[in-house]
1. Taking the options V149, V130, name whichever one is open to solvent by 10 Å² or more (accessible area, probe 1.4 Å), within 18 Å of D113 (Cβ to Cβ) and not in a loop (DSSP other than H, G, I, E, B).
2. Before we move on, is V10 part of a strand (DSSP E or B) and of a type outside the set (G, A, S)?
3. For A116, are the conditions met, namely being farther than 17 Å from L236 by Cα, open to solvent by 30 Å² or more (accessible area, probe 1.4 Å) and in contact with a strand residue (DSSP E or B) (Cβ under 8 Å, 6 or more places away or on another chain)?
4. So which of T188, T225 ends up being open to solvent by 10 Å² or more (accessible area, probe 1.4 Å), farther than 18 Å from G350 by Cα and within 14 Å of the chain's Cα centre (by Cα)?
5. Would you pick out the residues in segment 41-52 that are assigned to a loop (DSSP other than H, G, I, E, B) and either surrounded by 13 or more Cβ atoms within 10 Å (Cβ to Cβ) or touching a His at 6+ places or on another chain (Cβ under 8 Å) (or both)?
6. Given L18, L7, L56, which one is at pLDDT 95 or above, more than 25 Å from the chain's Cα centre (by Cα), within 30 Å of H141 (Cα to Cα) and open to solvent by less than 80 Å² (accessible area, probe 1.4 Å)?
7. Tell me whether segment 253-264 contains one or more residues that are buried (at least 17 other Cβ atoms within 10 Å of the Cβ) and either part of a loop (DSSP other than H, G, I, E, B) or of a type in the set (S, T, Y) (or both).
8. Might you let me know whether segment 66-85 holds any residue that is part of a loop (DSSP other than H, G, I, E, B), closer than 30 Å to P117 by Cα and touching a residue at least 60 places away in the same chain (Cβ under 8 Å)?
Amino acid sequence: MRISPPLDSVRARTGRGLVVRAGTGTLTGVSAYAGGAPVPGRFDRARTTWRSDWALTPDREYIVNVTSAGADGTTATASGRFRTLTPARTFQVRSVTPYPGETVGVGMPIIVDLTAPVEDRAAVERALEVRSTKPVEGAWHWVSDTQVVYRPRRGWPARQRVSFTAHLSGVRAARGTYGTADHTVPFTVGRGQVSFIDTRTHRMRVTRDGRTVQRMAISAGTATTEEYTTTSGVHLTMDKASPVRMVSPGRDKGDPGFYDVMIDHAVRISGSGEYVHAKDNLWAQGRANVSHGCVNARPDQAAWFFDTSLRGDPVIIRGTDRELEWDNGWGYWQRSWEEWLAGSALRTPGPPRRLTASAPAPP
């Protein structure tokens with residue numbers, strides 16, 4: 001039989017994991033431990049090869065026990081230990097959106113920020129696992145050397161649990177740079193709320209699980225300048241606050257168009273400062289677009305939208321000649337599926353994986 005990394009190694013490579021091959025016959029048992037914890041792995045169909053599920057943790061001693069059966073009925077055993085390399089530099093997950101235990105909308109991306117630039121994007125991407133109780137097709141897209149984003153192809157099915165795990169321990173991100181810890185974030189996808197806004201008819205319709213639950217008269221951007229033009233496209237709700245201080249960008253007090261106001265029940269839908277918010281200008285709502293680019297509604301209806309919104313709820317806006325850029329806030333749904341896959345180091349969608357009772361999950 002052959003064990004890789006070899007037993008008695010003192011600077012074993014981590015990225016290829018632990019592999020045990022029978023040589024002749026079949027493997028009847030493989031157990032491996034690191035720091036007292038079992039190493040997860042699986043046999044191939046013929047039981048001639050066993051592989052660990054993920055890379056090996058750096059600077060860690062591994063103990064391996066193997067038994068095999070020959071075609072002639074003989075048995076063989078092998079036991080030993082090895083130690084993995086100590087990296088010159090390390091990296092880890094800096095932050096993940098959504099936060100652990102959060103309930104999110106059906107359009108929510110998984111945004112992963114890392115502490116060091118990644119050169120081997122494929123190796124890192126292979127270590128990122130997404131499981132859900134209602135599996136969907138999805139893919140990762142590299143926004144920069146330190147940020148990668150996951151998006152389902154058509155959105156999350158409503159009302160389910162999702163668990164994201166970065167199995168980065170032992171993964172080589174760049175020359176001499178290895179991950180030393182895994183990172184898991186469980187979250188929940190809530191009801192399926194999607195809003196539709198038409199700036200030409202000055203109307204907003206909110207649906208929940210396919211049923212209309214609210215109709216609102218709105219006023220959007222005046223469109224006298226690009227800045228004052230509401231962006232069209234698939235937005236996601238990003239955060240909310242009441243009140244929010246809104247200050248005109250690039251203008252000083254006394255300049256034409258300057259404003260500095262406190263706005264109630266504001267739900268952000270882009271990185272460039274667009275919100276759905278309350279405003280007491282009922283004369284314009286349903287009739288004219290008079291805002292600086294935000295979508296405003298009657299105070300009581302804006303409060304309702306504020307109270308019922310989750311991060312990641314899609315807000316689809318139509319009717320203007322200014323398109324939402326894909327990297328403006330969470331405008332990731334502006335990219336077609338083919339464009340999204342082009343940003344993956346693996347260039348293929350991840351296979352749907354089911355979240356089981358034994359997998360990490362929110363309470």
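The values are calculated or read from the model by the stated rules, or taken from the named source; none is laboratory data. Bear in mind that the values here come from a model prediction, so they are computed numbers and not experimental data. FYI the Cβ positions are ideal-geometry reconstructions off the backbone, even for glycines, and counts take in every protein chain you see. We work out accessible area using only protein heavy atoms, side chains counted, and drop any ligands, DNA or RNA first. Shrake-Rupley method; radii C 1.70, N 1.55, O 1.52, S 1.80 Å.
1. Details: V149 fails: open to solvent by 10 Å² or more (accessible area, probe 1.4 Å).
None of the others qualify; the one that does is V130.
2. Against the criterion (part of a strand (DSSP E or B) and of a type outside the set (G, A, S)), V10 does not qualify.
3. Values: farther than 17 Å from L236 by Cα: yes; open to solvent by 30 Å² or more (accessible area, probe 1.4 Å): no; in contact with a strand residue (DSSP E or B) (Cβ under 8 Å, 6 or more places away or on another chain): yes.
No; evaluated as a whole, the condition is false for this residue.
4. On the way: T225 fails: within 14 Å of the chain's Cα centre (by Cα).
Matching residue, one of T188, T225: T188.
5. To start, the set of residues in segment 41-52 that are assigned to a loop (DSSP other than H, G, I, E, B) comprises 44-48.
Selection gives R47, T48.
6. Details: L7 fails: within 30 Å of H141 (Cα to Cα); L56 fails: more than 25 Å from the chain's Cα centre (by Cα).
Every option except L18 fails the conditions.
7. Start the filter on segment 253-264 by keeping residues that are buried (at least 17 other Cβ atoms within 10 Å of the Cβ), which leaves 263.
Those left that are additionally either part of a loop (DSSP other than H, G, I, E, B) or of a type in the set (S, T, Y) (or both): none.
Scanning segment 253-264 turns up no residue that is buried (at least 17 other Cβ atoms within 10 Å of the Cβ) and either part of a loop (DSSP other than H, G, I, E, B) or of a type in the set (S, T, Y) (or both).
8. Applying the first criterion (part of a loop (DSSP other than H, G, I, E, B)) to segment 66-85 yields 70-74, 85.
Subset that is closer than 30 Å to P117 by Cα: 85.
Right, trim to touching a residue at least 60 places away in the same chain (Cβ under 8 Å) and you get 85.
Yes: one or more hits.
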